[in-house]
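*Asks:* There's a structure below that I have some questions on.
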Amino acid sequence: MLKGGSRDTSKLLMERSVPGRVGVVTPELDVPVQPLPDGELLRDNLDLPEVSEPGVVQYFTALSQLNFSIDTQFYPLGSCTMKYNPKVNDEMAFLPGFAAIHPLQPPEQSQGALELLYRLQDFLGEITGMAGVSLATLAGAHGELAGVLMMRAHHQANGDAGRTKMAIPDSAHGTNPASAAMAGFDVVTLASDAEGNVDLEALHELAGPDLAGVMITLPSTLGLFDQNIVEVCRIVHEAGGLVYGDGANMNALLGRAKLGDLGFDVIHLNLHKTFSTPHGGGGPGAGPVCCAPILAPYLAAPIVTGNGANGSGTDSGYSLSIPEKSIGKIGGYHGNFGVLVRAYTYIRTLGDAGIKSISGNAVLNANYLLQALRDIYYLPYDRTCMHEVVFSADWQRLRGVSGLDVAKRLLDYGFHAPTMYFPLIVHEALMIEPTESENRDTLDAFIQALRDINRESEEEPDMVHHAPHTTPVSRLDEANAARHPNLRWRPSE
Amino acid sequence: MSPDDRKYTQEHEWAKLEDTDARLVLVGITEFAQDELGDIVYFDLPAAGTEVVHMEKMGEVESVKAVSDLFSPVTGKIEAVNEELVNHPELVNDDPFGNGWIMKVTISDLSELDGLMTSTEYDEYVGGN
Amino acid sequence: MTTAHFQSHYIPNTEEEQTEMLATLGLSSIDQLFHDIPEEFRNPPLDLPAPLSELEIQKELGALAGRNRPLGSGPSFLGAGAYHHFIPSIVKALMTRGEFLTAYTPYQPEVSQGTLQVIYEFQTLISSLFGMEVANAGMYDGATSLAEGVLMACRVTRRDRVAVSDTVSPIYLQVIRTYCQAHGIRIEVVRHWEPEVADDTACLVVQYPNFYGGLEDLGEFCQLAHGHGALLVVSADPMACGMLNPPGHYNADIVTGEGQPLGIPVSYGGPYLGLFTCKEQYIRQMPSRLVGRTLDSQGRDGYVLTLQTREQHIRRERATSNICTNEALYALASTIYLAAMGKQGLRQVAELCYHKAHYAASRIEELPGYALPFKRGPFYQEFVVQCPAGPAEINRRLMESNILGGLDISIPPYSDPLPPDLDQGMLLCVTEMNSKDDIDALVEGLAEFS
């Protein structure tokens, strides 16, 4: 199926199964055999594969080689911050003192873990300019849910249950409206202006007694710093609403601006974006929630407090606690601890100076791409961009080559595709986020590839239209997959 | 060119009178709509017997990466839905004005059809888009 | 060490390269790139510690880790939702391959077949393990998975009243309440021996084995729920399904679970893995990603994310859930684990847990002052012991011998559903990680309070 040398992956586990093979030898029972329960409770149809250990290793290794990844390819997927994931972070998370502690062990047996969490809360509060931090949320969208539930709880506590509307920009990630709906809000769309900022007139119209708040991504998904942001926060607050910040794009702002200073009331961070924890093919993430003092009593449980005076961290140790008016427990335990260890490690190895050079170089790299490609790819918002640049393939479209085609052709050049067709307000959008961890040679090679593809769109549009040509599979029939869902292997096949 | 034997809505549904005495109307979506949607993968439709109301949501149509509401062009009771669409939603891509019909409705008031666009009006409406 | 310029080892651009790149933009400093930030808010003071080298961070974290007591450092009998099981070396070796670890969500299927095929395998193995028709690509953890199962049951039945058995994990119950708080859903905690289900109840929610270790009659629950047009939603331990008939066998409608026992370290509570399965007729109401098998333009087999119209990036405020990032890496870990354990290994491990737990229970029951209040019913690897002294005090004494005892369930919320005479309860868990010597040491430690 794939290039020479790799082992065949066409057979699934159940198809490689050979009766009698084992992948693990289990220990002998060292206690007397006990009576089994009623036979009706016991199963006789455990359909799991029988594969030897080398068989498992060979299969999964070969599968891994079908993937693009940060370690193997440039991965400029906009809004996803595909930066280098430091190996030391993983090693620290796997220390037995972290990986092998049980979440319900008493605090005296987990003081090291609690102290780490306490310090991380402090770091994230400092970076965002926020007073309260909860690490309990397990992904970005989970953080959003917690944050908007906190807004709801705040309004209800103020006897303001009539605030049912959540205003969300037309450029927002889908998680924003989905989270607002899960927290019981009615979503209203907030338009962007010609500069890509929140349209202040539109906001004024929405800013009434039924407005619960707005959810703003800063920089926006257009890769732009909203020049109206301070005014946006003022208008919302004046109307009695609250401002939620989606921290997906925080890589641009590390050390450059604090969302708390700008007027945000509650935000979430994506540690699997900004703070370098690996995406793992779609998770795990961590979505800590940071908030202003007025919302801190509502934070998701638990948070870590010091046992000293006023919850300060001291030699007297640390505990898990439930904020006074908490929206409740939002996950099984205390957050995705292994991810939190990685983020802590990252922040410590960067320190004050390093944090700022992350944002500086992320923004520099994005603007370098913007400048080098603007003559051949249409730039709908012609401004200095932040950590990512959004082009449109409108000019290529005139020659019958879509944004999708350009993106797919990049795969043939050995680059992962940018984010396509998002944000929704840009036609044929190609959203490119290089991150700070790519070097100039890589950026130059990527620029050259996009210039070559532009040329190909003139000379051989049909070839581009059918790209990719060199990947393990070509374009897949997604319509067939959705019309006739085949979601698991079945023996009859 | 849309067929002139039926009427059209601004939401790209069509309604074709099949049987005047029985007030039976065939309902579907237009060629323009199926083209905009791309490969259609699923219809979420009410069961026969359900009442539908002119220009109120009657169901959903899904393509691979989009969901759109379907609006009923007429008020009345659903007599039948096109069962073929369960396994072959692509019929609507292939033949939106024919085999890709969506449902049959007994219209409450035949004059409701007069309020819909003619094929000429609809083609102009779409051409202007 | 103080230098004017700190060059992080994670950033390739040198100062000189930055200057050259800035020159292509007609700029002379990086600060100029940030001119859109209002000046009074630009470059705020940042009170973070100075950078550490890798050598130093390893020391610092080694010291912090050293102040925790890992499960493997002595006999440990704490479970209650997070379980100490053996993890074969190949799980970590394979899941930390950069090609898996540093890939994003497989939105570009042509260059993500590795991740996609793994998820398809995961869906196959998990649905099979739970005896269900379909599994999704995973949720955050067992608690959130169950909460989403409850929301889904409300969508499917268009009802907003939920009956939760009092033997469901009190932790999971709290998360269900958090998820349901904005939807006007009425949560009723019902007695497990006579759960009340009404004609407007969306679902009956039970746990298998239940939080206190017992195995209840899922078939009976199912009949009861279905008799009222309600769904049966189960949270199940996948490891127990290695030997016990799974919830699907009893006709459950939605089966969720904590995937952590399948090759994932306890890691102080996360990252874990939410398992989520259901009957095929409900797939359009399912939360989270699904991978499907299809063909490429040349007729070759391949895998794609499918039925995405359910999800937030398309349906936005009308999505089945807001979930986006899930726990794909741990779905991979559990798939590797299940592939390695296989048909025989998983059954053997489940049976090791069963026999060791029952051995421990029978030894403890012989101790004067100790009683097994739920002994008459069948159990798997966990059981409740009524102790002759406060469980916290017993645990403190056990720890003096480096034995981690069970969960103290004499305090809320664990004590909430327990009868008043069960006032000094401890929930003990025994797995294949506990040797006979471990168990005997526990019994000896407990005997001191007899």
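*Asks:* If you project the alpha carbons of the stretch A:53-164 onto the principal axes, what extent comes out on each, in Å, largest first?
*Replies:* 63, 42, 28
*Asks:* ³J(HN,Hα) across the stretch C:242-259 via Karplus (A = 6.51, B = -1.76, C = 1.60, θ = phi - 60°), whole Hz, x for Gly/Pro?
*Replies:* For the stretch C:242-259, the Karplus-derived couplings read x, 10, 9, 4, x, x, x, 4, 9, 6, 4, 9, 10, 10, 10, x, 8, x Hz, x marking Gly and Pro.
*Asks:* Another question, if that's okay. May I ask you to work out the translational diffusion coefficient for the stretch A:115-210 at 25 °C, viscosity 0.890 mPa s, via Stokes-Einstein with Rh from the Kirkwood sum over Cα pairs, reported in whole µm²/s?
*Replies:* 162 µm²/s
*Asks:* I'd like the distance separating the alpha-carbon centroids of the stretch C:167-183 and the stretch C:270-303, in whole Å.
*Replies:* 26 Å
*Asks:* Would you work out the charge dipole size for the stretch B:8-109 about its Cα centre, treating the Cβ of every Lys and Arg as +1 and the Cβ of every Asp and Glu as -1, and quote it to the nearest 20 debye?
*Replies:* 260 debye
*Asks:* Using only Cα positions of the stretch A:89-346, each an equal point scatterer, no hydration layer, compute I(q)/I(0) via Debye at q = 0.08, 0.09, 0.13 Å⁻¹ and quote the log10 values to two decimals.
*Replies:* Log10 of I(q)/I(0), two decimals: -0.30, -0.38, -0.78.
*Asks:* Let's test the formula: R0 of 51 Å, r as the Cβ-Cβ distance of A:His469 and C:Gln223. What FRET efficiency results, to the nearest 0.05?
*Replies:* 0.35
*Asks:* Explain nothing, just compute: Karplus ³J(HN,Hα) = 6.51 cos²θ - 1.76 cosθ + 1.60, θ = phi - 60°, for every residue of the stretch C:369-382 in order, whole Hz, x for Gly and Pro.
*Replies:* Going residue by residue, I get x, 9, 9, 10, x, 9, 4, 5, x, x, 9, 10, 10, 10 Hz, with x marking Gly and Pro.
*Asks:* Could you give the C-alpha radius of gyration of chain C expressed as a fraction of 2.2 N^0.38 Å, taking N as the number of residues it contains?
*Replies:* Relative to the rule-of-thumb radius for its length, chain C sits at 1.14.
*Asks:* Provide, in order from the shortest bin, the percent of all Cα-Cα pairs of the stretch C:343-447 in each 5 Å bin, continuing until the bin that contains the maximum pair distance.
*Replies:* Bin by bin from 0 Å, the calculated values are 2, 13, 23, 25, 19, 11, 5, 2, 0.
*Asks:* Which percent, to the nearest 5, of DSSP beta bridges fully inside the stretch C:90-335 are antiparallel?
*Replies:* If I count the DSSP bridges inside the stretch C:90-335, around 40 percent turn out antiparallel.
*Asks:* Kindly provide the helix-only [θ] at 222 nm of chain C, computed as the sum of -39,500 (n - 2.57) over DSSP H runs of four or more divided by all residues, to the nearest 500 deg cm²/dmol?
*Replies:* Helices in chain C give a 222 nm mean residue ellipticity of -10500 deg cm²/dmol.
*Asks:* Got the relative contact order for the stretch A:89-346 handy, in percent, Cα pairs under 8 Å and 6 or more residues apart?
*Replies:* Relative contact order, the stretch A:89-346: 28 percent.
*Asks:* Please report the relative contact order for chain C, taking Cα pairs under 8 Å with a sequence separation of at least 6, and give it as a percent rounded to a whole number.
*Replies:* 19 percent
*Asks:* Express the relative contact order of the stretch A:356-478 as a whole percentage, based on alpha carbon pairs under 8 Å and six or more residues apart in sequence.
*Replies:* 28 percent
*Asks:* Continuing with the same structure: Which peptide among C:258-268, C:70-80 comes first, and what is the full order, when sorted by highest mean count of other Cβ atoms within 10 Å?
*Replies:* Top of the packing list down: C:258-268, C:70-80.
*Asks:* Next question, about the same structure. Compute the signed sum of charges (Lys and Arg +1, Asp and Glu -1) over the other residues within less than 12 Å, Cβ to Cβ, of A:Ile327.
*Replies:* Within the 12 Å Cβ shell, the charges total +3.
*Asks:* In addition: Put a dot 7 Å past each Cα toward the Cβ at A:Arg43 and C:Ile411; how far apart are the dots in nm?
*Replies:* Going by the 7 Å Cα→Cβ label model, 3.6 nm.
*Asks:* Considering only Cα-Cα distances, which of the following residue pairs are longer than 20 Å: A:Lys165/A:Lys325; B:Lys57/B:Lys77; B:Lys16/B:Lys65; A:Lys83/A:Lys356; A:Lys258/A:Lys356; A:Lys87/C:Lys92?
*Replies:* Those over the limit are A:Lys165/A:Lys325; B:Lys16/B:Lys65.
*Asks:* Quick one: which of A:444-453, A:406-415 comes out on top by average Cβ neighbours within 10 Å, and what's the full order, highest first?
*Replies:* Going from most to least packed, we get A:406-415, A:444-453.
*Asks:* OK, next. Out of C:Asn402, C:Asn434, C:Asn136, any idea which swings most in a Gaussian network model of chain C, alpha carbons joined below 10 Å?
*Replies:* C:Asn402
*Asks:* Still on this structure, please answer the following. Just how large is the dipole of the protein assembly as shown about the Cα centre, in debye to the nearest 20, putting +1 at every Lys and Arg Cβ and -1 at every Asp and Glu Cβ?
*Replies:* I would put it at about 2420 debye.
*Asks:* Over the stretch A:356-478, what portion of Cα pair distances is larger than 27 Å, expressed as a whole percent?
*Replies:* Counting every Cα pair in the stretch A:356-478, those more than 27 Å apart make up 15 percent.
*Asks:* In addition: What fraction of the DSSP beta bridges in the protein assembly as shown is antiparallel, stated in percent and rounded to the nearest 5?
*Replies:* In the protein assembly as shown, DSSP labels about 65 percent of beta bridges as antiparallel.
*Asks:* What are the principal axis extents of the Cα atoms in chain A, in Å, biggest first?
*Replies:* 71, 71, 45
*Asks:* Summing +1 for each Lys or Arg and -1 for each Asp or Glu, what net charge is found among the other residues whose Cβ lies under 12 Å from the Cβ of C:Asp437?
*Replies:* -2
*Asks:* Hey, what do the phi angles of the stretch C:231-237 turn into as Karplus ³J(HN,Hα) couplings, whole Hz, using 6.51/-1.76/1.60 and θ = phi - 60°, x for Gly and Pro?
*Replies:* For the stretch C:231-237, the Karplus-derived couplings read 8, 9, 10, 10, 9, 10, 7 Hz, x marking Gly and Pro.
*Asks:* OK, next. State, in angstrom, two size descriptors of the stretch C:253-378 derived from its alpha carbons: Rg to one decimal place and Dmax to the nearest whole number.
*Replies:* Rg then Dmax for the stretch C:253-378, in Å: 20.7, 73.
*Asks:* Over all directions, the average projected area of the alpha-carbon convex hull for the protein assembly as shown comes to how many nm²?
*Replies:* 42.7 nm²
*Asks:* On each of the three principal axes of the Cα atoms of the stretch C:116-260, give max minus min coordinate, whole Å, ordered largest first.
*Replies:* 40, 31, 26
*Asks:* While we're here: Round to a whole angstrom and tell me the spacing of the C-alpha centers of the stretch A:365-415 and the stretch A:288-302.
*Replies:* Computed from Cα coordinates, the inter-centre distance equals 39 Å.
*Asks:* So for the stretch B:8-109, what are the equivalent ellipsoid semi-axes in whole Å, largest first, each being the square root of 5 times an eigenvalue of the Cα gyration tensor?
*Replies:* With the √(5λ) rule applied to the stretch B:8-109, the semi-axes are 21, 13, 13 Å.
*Asks:* From the residues C:Phe41, C:Ser235, C:Pro70, which one has its Cα farthest along the dipole of chain C in the positive direction, the dipole being from +1 and -1 charges on Cβ of Lys/Arg and Asp/Glu about the Cα centre?
*Replies:* Result: C:Ser235, furthest along the dipole toward the positive end.
*Asks:* Which percent, to the nearest 5, of DSSP beta bridges fully inside chain C are antiparallel?
*Replies:* Given both bridge residues lie in chain C, the antiparallel proportion sits at roughly 55 percent.
*Asks:* Counting pairs of Cα atoms in the stretch C:90-335, how many percent are more than 24 Å apart?
*Replies:* So the portion of pairs separated by more than 24 Å is 43 percent.
*Asks:* Just grab the label-to-label distance for C:Phe86 and C:Glu40, each label 7 Å out from Cα along the Cβ direction, in nm (one decimal).
*Replies:* Taking the simple label geometry, C:Phe86 and C:Glu40 are separated by 6.6 nm.
*Asks:* Of all trypsin sites (Lys or Arg not before Pro) in the stretch C:231-310, which ones are in loop regions per DSSP and have a Cβ with at most 16 other Cβ atoms within 10 Å?
*Replies:* For trypsin sites (Lys or Arg not before Pro) across the stretch C:231-310 that sit outside H, G, I, E and B with at most 16 neighbouring Cβ atoms in 10 Å, the list reads C:Arg300.
*Asks:* Cα centroid distance between the stretch C:89-118 and the stretch C:133-154, in Å?
*Replies:* Taking the Cα centre of each part, the stretch C:89-118 and the stretch C:133-154 sit 23 Å apart.
*Asks:* Take each of the peptides B:97-104, A:303-310, A:361-368, A:26-33, average the number of other beta-carbon atoms within 10 Å over its residues, and list them starting from the highest.
*Replies:* Result, highest mean first: A:361-368, B:97-104, A:303-310, A:26-33.
Values in this text are rule-based calculations from the coordinates and carry no lab data. This is a predicted model, so every value here is computed, not measured. Cβ sites come from the backbone with ideal geometry, for glycine too, and all protein chains shown count toward neighbours.
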